Amino acid sequence: MKKMSFAKGLLQALLLLPLAAMASEAEVHLDRAPVNFQDNESLQRGAAVFVNYCLSCHSASAMRYSRMTDIGLTEPQIKDNLLYATDKPGNTMTIAMNKKEAKVWFGAAPPDLSVITRSRGADWVYTYLRSFYRDDSRPTGWNNTVFDKVGMPHVLHELQGQMVPVYKTETDHEGKTHRVIERLELAQPGKMTLAEYDGLVADLVNYMTWMGEPAKSKREHVGIAVLLFLGIFFVVAFYLKKEFWKDVH
Ligand code: HEC
């Protein structure tokens with residue numbers, strides 16, 4: 001009996017899960033990431049930003065530098081512009097940072113970013129990287145409207161500048177009032193205009209999405225070959241079976 005209700009509970013929880021996910025998604029508005037794998041120049045700019053600003057903390061251990069020839073870079077270009085002195089183009093994007101130490105510094109270890117746009121979605125990452133704001137109550141001095149109490153500092157603030165929140169008061173269904181962030185405002189400009197910064201993040205997210213999916217077109221080819229093989233194999237197997245059973249009937 002007890003087992004039964006546990007199973008029922010589990011089933012209910014599983015059925016409600018998508019609803020819960022929808023509810024939490026509804027809270028934050030996500031901007032659309034302009035992803036375009038045909039735009040090699042954007043992918044190359046994104047790769048450079050990724051290597052310069054993200055690889056110091058995050059790894060992308062499923063990504064080999066040499067695969068960037070797929071986005072139009074030559075091996076010497078990869079070596080000169082994207083590799084640290086010790087790395088070879090055939091190496092993956094690993095880092096020297098110790099996970100345990102990182103956890104002490106930031107409260108959370110920076111996760112591997114190889115497939116982050118697949119787990120979070122490109123729109124989420126695009127919005128996240130443009131949603132940091134000053135918050136002196138946080139250890140790093142930064143918070144994020146998409147990821148509350150985030151452990152990551154705003155590593156691109158020199159480019160974007162400093163955003164501060166503009167609040168509004170909201171009344172919930174119980175009649176209680178809350179101060180919520182209405183939007184972010186630029187308090188101190190960075191090296192770029194906000195539009196230029198959006199462009200830089202667009203390139204970065206384009207690259208990160210490509211990095212998570214670089215084998216997609218290859219995979220599609222393999223899929224077609226497998227289907228063709230199965231089709232031919234089916235015909236062969238069918239006649240073989242007919243041949244074998246001929247004498248039995
Ligand atoms: C100074 C170290 C540091 C740098 C540099 C850094 N990050 Fe982070 N990042 C973190 C930490 C720490 C977290 C974990 C935050 C948490 O869980 O609270 C994180 C989390 C993230 C997440 C959310 C992962 C998830 O789903 O939980 C994304 C996406 C991300 N970083 C992208 C980037 C990108 C892109 C760059 C380069 C522009 C970058 N980070 C540079 C430290 C860093």
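Overview of results
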| item | result |
| --- | --- |
| Using a Förster distance of 30 Å, the FRET efficiency for Lys79-Glu213 (Cβ separation, nearest 0.05) | 0.75 |
| Stretchable slack from Thr69 to Ala108, in nm (0.36 nm times residue separation minus alpha-carbon distance) | 10.7 nm |
| Helix 216-245 axis, angle to the chain major axis (alpha carbon atoms, nearest 10°) | 20 |
| Viscosity 1.567 mPa s, 4 °C: Kirkwood-radius Stokes-Einstein D of the chain over Cα pairs, µm²/s | 59 |
| Tilt relative to the chain, helix 194-212 - C-alpha long axis, 0 to 90 degrees, to 10 | 30 |
| Calculated FRET efficiency for the pair Thr171/Met192, C-beta based, R₀ 35 Å, to 0.05 | 0.40 |
| Virtual spin-label span in nm between Ser56 and Val155, 7 Å along Cα→Cβ | 0.8 |
| Inter-probe distance in nm under a simple model that places probes 7 Å from Cα toward Cβ, at Phe244 and Asp87 | 5.3 |
| From phi via Karplus (6.51, -1.76, 1.60), per-residue ³J(HN,Hα) for region 162-178 in Hz, x at Gly/Pro | 10, 9, 10, x, 10, 9, 9, 9, 10, 10, 8, 5, 8, x, 7, 9, 10 |
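Every read-out reported here was derived from the displayed coordinates using simple, explicitly stated rules and does not represent laboratory data. Fair warning: this is a prediction, and the values are worked out from it, not measured in the lab. Heads up, the Cβs are rebuilt from the backbone with ideal geometry, glycines too, and the neighbour counts pull from every protein chain shown.
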